[in-house]
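Scroll down for the structure; my scribbles are underneath it.
The numbers here are math on the coordinates, done by the rules we state, and not lab data. Please read these numbers as outputs of a predicted model, since none were measured by experiment. In this analysis, Cβ positions are derived from the backbone assuming ideal geometry, glycine residues included, and neighbour counts consider all displayed protein chains.
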Amino acid sequence: MLTVIDQIDEIRKERGEREFRLYIDIERGEWLLPRAVHLLQEKLNAYASFVLDGKMKQMYPWLDPKDVRIIVRSRGQAPADVMELIGLVKADLLKEGPQLSFEPAG
């Protein structure tokens, strides 16, 4: 949910895999909020801080930030400026380790 900035929507790790997946769930219609892009940027900052500032490592001491993927999961059509923001953040995060991807949800 875009409006809940300080909360991780979902953390998932499949058995036998190294990758942790942190999901940002965008519900249908949230892209219509006047500040949707700004809210997503704030939420991405919170997720990146969670991974890079050590809070996630406190929960999972063996974690390497390169083994984390932040996934923006959208149940509606994302505006073009959202995709541009995701591209910019993705490039910045690669330097630090976590990956970022976008996926439409059914």
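Being part of a helix (DSSP H, G or I), basic (Lys, Arg) and in contact with a Ser or Thr (Cβ under 9 Å, 6 or more places away or on another chain) is a property that Lys66 lacks. In the set Leu52, Leu63, only one residue is of a type in the set (A, V, I, L, M), more than 15 Å from Val4 (Cα to Cα) and touching a strand residue (DSSP E or B) at 6+ places or on another chain (Cβ under 8 Å); that residue is Leu63.
Residues in region 8-52 that are part of a loop (DSSP other than H, G, I, E, B), touching a residue at least 12 places away in the same chain (Cβ under 8 Å) and loosely packed, with under 15 Cβ neighbours inside 10 Å: Arg18, Glu19, Glu27, Arg28, Gly29, Leu33. Taken as a whole, region 53-63 holds at least one residue that is buried (at least 19 other Cβ atoms within 10 Å of the Cβ), free of Cβ contacts under 8 Å to residues at least 60 places away in the same chain and not in a loop (DSSP other than H, G, I, E, B).
Looking only at region 76-95, decide whether some residue is surrounded by 13 or more Cβ atoms within 10 Å (Cβ to Cβ), closer than 14 Å to Arg18 by Cβ, under 13 Å from the mean Cα position of the chain (by Cα) and of a type in the set (Val, Ile, Thr). No - not one qualifying residue is present in region 76-95.
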